[in-house]
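Below is one structure, written out as structure tokens; comments come after it.
The values are calculated or read from the model by the stated rules, or taken from the named source; none is laboratory data. As the structure is a computational prediction, the values presented were derived from the model and not from experiment. Positions of Cβ are backbone-derived with ideal geometry, glycine not excepted, and every protein chain shown enters the neighbour counts.
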Amino acid sequence: MSRRGGKKSHKGGRKVFTNPDEIDAQMREELKRQKKREEEGDLEEEEVATEMKQPPRDFPPSSSEEDSDSSSDDDGTKKKKGISHLIETANPNRSHNKMKKARDLDVNSATPTTQQLSRREREELQKQQERNRYRQLQAQGKTHEAQADLARLAIIKKQREDAARKRDAEKKAREAAKESRK
């Protein structure tokens, strides 16, 4: 039963698969046609030679072609699939990291040189070195922050000394007042 509008949906319909025997038969028929054309002289010899050696990619190889492929595998030349072997890629993510052997490692250089480090690693190393330098300068009192801290400390020390003097003076005054009362 069709929906309104007259369009029929094929979602629940049967799936149709092509039989491999039919595909092989079509391949054989195509090869026969090419041979006939070759005999009649419709095709040039070069085109015929290339078409005969390489069947179309849409069809799976027939049993006779599989036998010829296995003999070529015995020779050591393996047929590559697709076009990936024709295109050179410069994708750094595609390269596989090879395992390094202990004998290949340079023992003398404990830390990697900056040329071998990535940009992020170099920046991180520079930040750490700058932090260490800043800490050393701060310990020596050569930075603005350290000088300001030292000035604050001097003011606080002075205030504490003044407060201690006042307490001592008050204490002495209290003791003197106690003695005068007695």
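At least 2 residues that are under 30 Å from Asp24 (Cβ atoms), modelled with pLDDT under 70 and charged (D, E, K, R) in each: list the helices (runs of 4 or more DSSP H) lying fully within segment 63-182 that qualify.
63-74
If Gln54 satisfies every condition in (1) modelled with pLDDT under 65; (2) surrounded by 10 or more Cβ atoms within 10 Å (Cβ to Cβ); (3) not β-branched (Val, Ile, Thr) but one, which is the exception?
(2)
Of all residues in segment 132-182, how many are charged (D, E, K, R) and loosely packed, with under 10 Cβ neighbours inside 10 Å?
Total meeting the criteria: 4.
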